[in-house]
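All of the numbers you see were taken from the coordinates with simple rules; none came from a lab. Being a predicted model, the structure only gives us computed values, none of them experimental. Cβ coordinates were reconstructed from backbone atoms using ideal geometry, including for glycine residues, and neighbour counts include every protein chain displayed.
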């Protein structure tokens, strides 16, 4: 299928590319050492319409397609992988809130997201959970006209800088996905404390734990139905997994472009090293892989835009692309020799940043279970149900 952008999509792609080239790329490594996202940068991206373009117009977005969101996230990630988390969270969480939160909550928060004034996070993982995502302990007990949250969420992106989050908590007595509800929670209130992990990559995004000590949540902040939040809302991950693929393609493509340029300029044995097959063939292989992966990601997004099933394709994006992107970045570092091994060039930073997405949002093993389940049914992969809630 042809995924050539239409005129409007090309305008968005060019705007994202221009902003990424002029504002993000020059200071990527400097920002990568900081432990918070630059809010001024978020506001500038928001003013250009580069955040949450797929959020409905009624909630401050532009109502654009999933494919358009993918075009933007790849361009932002090409220049600054960490900045592209803003687009990822806006599309994933914005979609969840627009579809499952009350209109009042969506109208209050989503315009802030698209303007770059607020970050909405996802509180799912718990210390004993990880890939066993439905194995939750954090509870939401009925209290008057609302609920009280008690427990911990961990490994949460932007944990110490999110303004709000969708928090999954157990409301029923059943095990697994049954009995889990989702709540939209303002994180700037009494009873909430946060920590920050010192990860080796994606430092500006950061991960951490969020602790809830008898935190009151009004009933109107319940998302979807009580005890059915997990199974209904988790389908949004089919979207984010395709976006993550494009997010990882961005820095890998940047690395390959730089390696081609270096191979034309670096002289060895009286000729450019691009003339040596040992140099050019790995880069040719990388271009081939990037082209195929990009096609897979946009195909998956186009399936979503056409309201067609795309769970297996999304899982393919999630397990294969981050792994292959890391391999490509590694090869580009080697192409530059010891110069690539220095911190003068960004290869090490890109590698560390992308590597985190081989873990977060579902490991390769979980994605392969999802694919197998989609192809041969639940009987062959009985434990996949507990992870996905489907």
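General observations
- Considering only the chain, percent of DSSP beta bridges that pair antiparallel, nearest 5: 80 percent
- Axis of helix 311-335 versus longest Cα principal axis of the chain: the two differ by about 40°, to the nearest ten degrees.
- Per-pair calculated FRET efficiency, R0 = 45 Å: residue 194 and residue 287 via Cβ, rounded to 0.05: 0.60
- Cα gyration tensor shape for the chain, rounded if a/c is under 1.5, else prolate or oblate: prolate
- Prolate/oblate/rounded label for segment 233-388 (Cα gyration tensor, a/c 1.5): prolate
- Look at 30, 228 and count the other Cβ atoms within 10 Å of each Cβ; fewest to most, that gives 30, 228.
- Rounded Å value of the spacing that divides the Cα centres of segment 184-228 and segment 302-369: 27 Å
- The fewest-to-most ranking of 248, 158 by surrounding Cβ atoms within 10 Å reads 158, 248.
- 221, 297 arranged by Cβ crowding within 10 Å, fewest neighbours leading: 221, 297
- Seen against the Cα atoms of the chain and their longest principal axis, helix 66-79 is set at about 60 degrees.
- Extending 7 Å from the Cα toward the beta-carbon at both residue 372 and residue 27 defines two label points whose distance is 4.8 nm.
- Rounded if a/c under 1.5, otherwise prolate or oblate - segment 29-156, Cα gyration tensor axes: oblate
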